[in-house]
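Single-structure report; data block below.
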Amino acid sequence: MSQPLIHVAHEDYGTSGRYIASIDGTEGEAELTWRSGGPGIIVADHTYAPNAMRGTGAATALVQRLIEDARRNGLLIVPSCTYVRAQFARHPEWQDLRAG
């Protein structure tokens, strides 16, 4: 069975924002929300995937996009959300992006 194609978008509201994941043919969307933690720092504060998207890799795709954007924009991340914190623990190569 092939992996579903996950689409990830980013909404930036200035001092907060969210990443949204959708999968063609699957109802709902997964999201990872963030807020500013001061200059150059974002706080990843919540990750959610509806039941229909659990186990699809959608939440992982959200965190990966967060990491890519942080690297590209020179930002540090406070992994306040338990899911994001768990992903940081699994990826020692991300530790240079961790703030707090």
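Quick notes on this structure:
- Residues of segment 49-71 satisfying the condition of being touching a Phe, Trp or Tyr at 6+ places or on another chain (Cβ under 7 Å), more than 15 Å from T26 (Cβ to Cβ) and touching a residue at least 40 places away in the same chain (Cβ under 8 Å): R65, L66
- Residue in segment 72-81 that is touching a residue at least 24 places away in the same chain (Cβ under 8 Å), among the hydrophobic types (A, V, I, L, M, F, W, C), touching a Ser or Thr at 6+ places or on another chain (Cβ under 6 Å) and surrounded by 16 or more Cβ atoms within 10 Å (Cβ to Cβ) present: yes
- Matching residues, segment 70-84, being among the polar types (S, T, N, Q) and within 17 Å of G100 (Cβ to Cβ): S80, T82
- Residue list for segment 89-100, restricted to those being of a type outside the set (A, V, I, L, M, F, W, C) and in a helix (DSSP H, G or I): R90, P92, E93, Q95, D96
- Of all residues in segment 9-43, those satisfying the criterion of being modelled with pLDDT of 95 or more, of a type outside the set (G, A, S), over 14 Å from V78 (Cα atoms) and in contact with a strand residue (DSSP E or B) (Cβ under 8 Å, 6 or more places away or on another chain) are H10, E11, T15, R18, Y19, I20, I23, E29, E31.
- The residues of segment 49-88 that are in a loop (DSSP other than H, G, I, E, B) and closer than 19 Å to Y13 by Cβ, listed by number, are L75, S80, C81.
- Residues of segment 49-69 satisfying the condition of being surrounded by fewer than 21 Cβ atoms within 10 Å (Cβ to Cβ) and under 11 Å from L97 (Cβ atoms): I67, E68, D69
The values are calculated or read from the model by the stated rules, or taken from the named source; none is laboratory data. Small disclaimer: the values here were computed from a predicted structure and weren't measured. Neighbour counts are summed over all protein chains in view; Cβ atoms, including those assigned to glycine, are modelled from backbone coordinates with ideal geometry.
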